[in-house]
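The values are calculated or read from the model by the stated rules, or taken from the named source; none is laboratory data. These figures come from a predicted structure and were not determined experimentally. No Cβ is skipped: glycine too gets one built from the backbone with ideal geometry, and neighbour counts run over all protein chains shown. Ligands, DNA and RNA are stripped out before the accessible areas are found, and what is left, the full protein with its side chains, is counted by its heavy atoms. Shrake-Rupley method; radii C 1.70, N 1.55, O 1.52, S 1.80 Å.
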Amino acid sequence: PEDTVTSSFASFIRAARPEHLSPTVRQRSKRMILDSIGVGLVGSTTRVFDIALRYCRLYSSVAVSSVYGKPGVKLSPTLAAFTNGVATHSMDFDDTWHPATHPSGAILPALLAASQMLPPNTKPNGLDFLLAFNVGLEVQGRLMHFSTEAHDIPKRFHPPSVVGTLGSAAATAKLLSLSSAQCCHALGIAASLAGAPMANAATQAKPLHVGNATRLGLEAALLAGRGMEANPLILDDIPGCSGFSAFYSIYQPKPLSAPGEHHEFLLEKQDIAFKRFPAHLGMHWVVDAALSVRNLFINYAGSFSPSLIRTIMLKIPVSKYINRPFPSSEHQARHSFQFNACAALLDGEVGLGSFSESSIHRQELRDLLDKVVVEHPEDNVANFDKMYGEVALLLHSGDVLTGKCDTFYGHWRKPLSKESLLKKFRSNASHVLPEEKIETIITLVDNLENLSDSSQL
């Protein structure tokens, strides 16, 4: 059918051209690619990644696509995408957009795997790769704007498992030069493979959501390219028959205009949040607030002395899955307002080592957690564009010290500098790569438009 929401998305995927990418979009998306690779590399050191890799190595046919952090190991394209997607989200260290999702991890591993899959004479160049990446971003962003529910911290479905799966399908369809009809079917197939419940947040299963999103989107595009068909109205609002609307309680789909001379990608208007430490995005507000009040406390007392503190008051939004008073595992700790605030107070920082078993179970940290009281002010909404974090220390002396953060460093309103992003990448990549290879990747991504063969990445 013509003139439908679904057909408009398919036409956009097919019609997008490199010249539609503005300098801002190119620069922002290359920052995302570099950060995501670094996060994937350090993620390849985790237990959940090892479990996923051991599973995937059971199926070793057509092993042509590389695996993060494992020189010499190759898997089939779809399993490589899955494994690298798991690595990317294994520490909850990957980028976050608004409305809320993790956009890069859902599409970059699929594009990396597909680039290696294609025959030598059909390899996409770096500009093709960059365009496909941005098509995947655009589809995710537009889908999230179909529902006001998507603007808030999710309660039902983990967003990358929903919009990320269709974004991966769109990006791969673009890279494979599928027809408009095939792009339409790829979106429909991906919708049947999408979705994961929020109840698995803060468990080892959560990284599977991103791994499956990137893998299943790639599979959807491959199936569509081989003739598989799906409902051509999957994105439209059809009364009495749920398509993509099954994932949202409020659903108002809008067509995506074909990219003309002055098309503006969403990434032009809405930058990305990059995380400084590996935890749920909401933690970054309370950590910056905790670090602020810690400095006040040191100026007040001369040093950080927990014995002077009677109560630690956290003012945070209502969000059940990240309100965890006493986390007992690394994944729970990454999703605990209380833990991250107390770790920042105790150590003056939060980093990779903060989520080790020995760090989580320290008695001095547990003593601080015992002092935490949580409040949910009405004006502090569960929305990454509007929320804030506040940490108040009520002292035995009767004095009260308060730190507040409404925009942490790394948020889209306060982006990481180039120097900070490179520092994060080098630190992450150094866990598995030598310095010369780290610098090579930085150069490749920085000059991605000029790369003749994107599989070199």
Which condition does Ser192 not pass, out of (1) assigned to a helix (DSSP H, G or I); (2) without any contact (Cβ under 8 Å) to a residue 60 or more places away in the chain; (3) under 19 Å from Leu111 (Cα atoms), if it passes all the others?
(3)
Single residue of region 115-138 satisfying the filter (in a helix (DSSP H, G or I) and open to solvent by 50 Å² or more (accessible area, probe 1.4 Å)) that is nearest to Thr78 (Cα to Cα):
Met117
If I filter region 297-310 for residues that are under 26 Å from the mean Cα position of the chain (by Cα), open to solvent by 30 Å² or more (accessible area, probe 1.4 Å) and at pLDDT 95 or above, do I get at least one hit?
no
With respect to Pro71, determine if the residue is in contact with a helix residue (DSSP H, G or I) (Cβ under 9 Å, 6 or more places away or on another chain), farther than 19 Å from Leu208 by Cα, open to solvent by 10 Å² or more (accessible area, probe 1.4 Å) and not small (Gly, Ala, Ser).
no
Residues located in region 258-275, provided they are open to solvent by 80 Å² or more (accessible area, probe 1.4 Å) and among the polar types (S, T, N, Q)
none
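Residue-by-condition table, conditions (1) of a type in the set (Lys, Arg); (2) touching a Lys or Arg at 6+ places or on another chain (Cβ under 8 Å):
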site	(1), (2)
Lys371	yes, yes
Tyr388	no, yes
Arg426	yes, no
His431	no, no
Among the residues that make up region 302-324, is at least one of them closer than 27 Å to Ser420 by Cβ, of a type outside the set (Ser, Thr, Tyr) and in contact with an Asp or Glu (Cβ under 6 Å, 6 or more places away or on another chain)?
no
Of the conditions (1) outside the structural domain of Phe326 (by the TED database); (2) at pLDDT below 95, Phe384 fails just one. Which one is it?
(1)
Single residue of region 223-242 satisfying the filter (buried (at least 22 other Cβ atoms within 10 Å of the Cβ) and in contact (Cβ under 8 Å) with a residue 60 or more places away in the chain) that is farthest from the chain's Cα centre (by Cα)
Ile234
Could you list, in sequence order, the residues of region 352-410 that are loosely packed, with under 14 Cβ neighbours inside 10 Å and in a strand (DSSP E or B)?
Val373, Glu375, Val400
Has region 319-335 got any residue that is more than 26 Å from Lys414 (Cβ to Cβ), acidic (Asp, Glu) and surrounded by fewer than 20 Cβ atoms within 10 Å (Cβ to Cβ)?
no
Taking the condition crowded, with 24+ Cβ neighbours inside 10 Å, at pLDDT 95 or above and in a loop (DSSP other than H, G, I, E, B), does Phe82 pass?
no
Could you tell me whether any residue of region 359-381 is among the polar types (S, T, N, Q) and either touching a helix residue (DSSP H, G or I) at 6+ places or on another chain (Cβ under 7 Å) or in the same structural domain as Phe93 (by the TED database) (or both)?
yes
